[in-house]
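Enquirer: Have a look at this one.
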Amino acid sequence: MATQTTNLHTPAFSLFAPIRAFFAAIGRGLVVAAENSSRMKRIEALNAMTDEQLAERGLKRDEIVRHVFKDLMYV
């Protein structure tokens with residue numbers, strides 16, 4: 001039985017390259033935006049605290065994300 005291989009250099013495959021590049025660029029942009037958001041910076045700051053410091057604020061480590069996004073989440 002013969003097997004069929006995919007040639008990545010066929011014209012049909014290269015037609016999708018710009019589409020893949022477009023969506024990859026969007027994905028990279030979303031990652032950069034998320035990393036630079038004030039909420040992500042707040043999460044990083046809280047994660048850098050000790051468990052004792054979090055307890056002083058009435059938080060547990062597994063509650064940090066929920067705490068930071070509480071205005072956007074329906075709990």
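Enquirer: Looking at region 44-62, which of its residues are part of a helix (DSSP H, G or I), under 23 Å from the mean Cα position of the chain (by Cα) and at pLDDT 95 or above?
Expert: 45, 46, 47, 48, 61, 62
Enquirer: Please tell me if residue 28 is modelled with pLDDT of 90 or more, in a helix (DSSP H, G or I), touching a helix residue (DSSP H, G or I) at 6+ places or on another chain (Cβ under 8 Å) and among the basic types (Lys, Arg).
Expert: It is false that residue 28 is modelled with pLDDT of 90 or more, in a helix (DSSP H, G or I), touching a helix residue (DSSP H, G or I) at 6+ places or on another chain (Cβ under 8 Å) and among the basic types (Lys, Arg).
Enquirer: If I ask for residues that are open to solvent by less than 60 Å² (accessible area, probe 1.4 Å) and under 16 Å from residue 34 (Cα atoms), which ones from region 44-63 would you list?
Expert: 45
The values are calculated or read from the model by the stated rules, or taken from the named source; none is laboratory data. Values in this document were obtained by computation on a predicted structure and should not be read as measured data. As a convention, Cβ positions derive from the backbone with ideal geometry for all residues, glycine included, and neighbour counts pool all protein chains shown. The accessibility values were calculated without ligands, DNA or RNA, using every heavy atom of the protein model including side chains. Shrake-Rupley method; radii C 1.70, N 1.55, O 1.52, S 1.80 Å.
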